[in-house]
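First comes the structure, then the notes that go with it.
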Amino acid sequence: MQGVFITIEGVEGSGKSTQVLRLSERLRHLGLPLVVSKEPGGTALGRELRRLLLERHPSGETWCAEAELLLFYADRAQHLELVIRPALAEGKVVLLDRFEDSTRAYQGASGVAEASLDRLNDLVLRGLKPNLTVMLDMDPEVSLQRVEVRNLSMGAEFAETRFDEAELEFHRRVRNRFLAIAQNHPNRVALIPARDPVDQVEAVIWGRVAPLLRSAGFGVD
Ligand code: TYD
């Protein structure tokens, strides 16, 4: 028995976390055997890597592009070994908040060559692909504003809540890379406009997930 592998991708502020939560609640409610996880940070050691990757270090030192890439892949290799492959082998539905496409989009936008990503994928993924990737698409101009508002309401320091023009430009490149992935993999990727109301986006996502689950033999009606 082989499970069903679903990933959700998108730029920051695209409503990804909300939709992961809604979809996982729906699947849980239906009683499906489910594993919900995220990258980076889907294992205990991966959470250490997540902290090293995403939190600012007191020294002010930041990762060079290659080191960052390898840490994301270290997290992914551990996640695949301990969580993803075993769950799929047990026939479960695996729902991931971010996976390989995020590396192609973010580290690609930071200048890592496609060929390097292909080599790491050969080593770590060994041909494993999601059955479905839900890609939430939104103009970063809008999505980053959402993040700013959220940060402000959480009382973050003002200096950390504003995205400058260089960051906006980076996120535009990330979005374009996500769009290119969707175009190159039309059978795997469902590109979904994320500016619509949350309920509407949820319904469109379910419209793509339900047939996949049905075809895998899960009762979802
Ligand atoms: P995430 O926890 O999804 O944050 P958010 O909810 O703000 O989108 O992702 C953490 C960050 O890590 C996000 O900025 C994207 C980045 N990331 C990469 O750069 N490469 C990767 O391979 C992954 C999985 C994430």
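The values are calculated or read from the model by the stated rules, or taken from the named source; none is laboratory data. Fair warning: this is a prediction, and the values are worked out from it, not measured in the lab. Positions of Cβ are backbone-derived with ideal geometry, glycine not excepted, and every protein chain shown enters the neighbour counts.
For the reader, a short list of remarks on this structure follows.
- Any hit, segment 69-77, residues being aromatic (F, W, Y), modelled with pLDDT of 95 or more and over 29 Å from E167 (Cβ atoms): no
- Top-ranked residue in segment 15-57 [being surrounded by 15 or more Cβ atoms within 10 Å (Cβ to Cβ) and near the ligand (Cβ under 8 Å from one of its atoms); ranked as farthest from N131 (Cα to Cα)]: L53
- Test for F178: is it surrounded by 12 or more Cβ atoms within 10 Å (Cβ to Cβ), in contact (Cβ under 8 Å) with a residue 60 or more places away in the chain and among the aromatic types (F, W, Y): yes
- Subset tally (residues that are within 16 Å of the ligand (Cβ to nearest atom) and within 18 Å of the chain's Cα centre (by Cα)) for segment 81-111: 19
- Qualifying residue in segment 150-170 (condition: under 18 Å from I8 (Cβ atoms) and buried (at least 16 other Cβ atoms within 10 Å of the Cβ)): no
- Within segment 1-41, tally of residues that are free of Cβ contacts under 8 Å to residues at least 60 places away in the same chain, assigned to a loop (DSSP other than H, G, I, E, B) and farther than 15 Å from F99 by Cβ: 1
- Those residues of segment 111-149 which are more than 17 Å from S14 (Cα to Cα), surrounded by 13 or more Cβ atoms within 10 Å (Cβ to Cβ) and free of Cβ contacts under 8 Å to residues at least 60 places away in the same chain, in sequence order: V112, S116, L117, L120, N121, V124, L125
- Checking D199 against (1) charged (D, E, K, R); (2) without any contact (Cβ under 8 Å) to a residue 24 or more places away in the chain; (3) surrounded by 13 or more Cβ atoms within 10 Å (Cβ to Cβ), the condition it does not meet: (3)
- Every pair of residues 6+ apart whose Cβ atoms lie under 6 Å, when the first sits in segment 54-76 and is closer than 21 Å to T43 by Cα while the second is of a type in the set (S, T, Y) and within 13 Å of the ligand (Cβ to nearest atom): F72/T103
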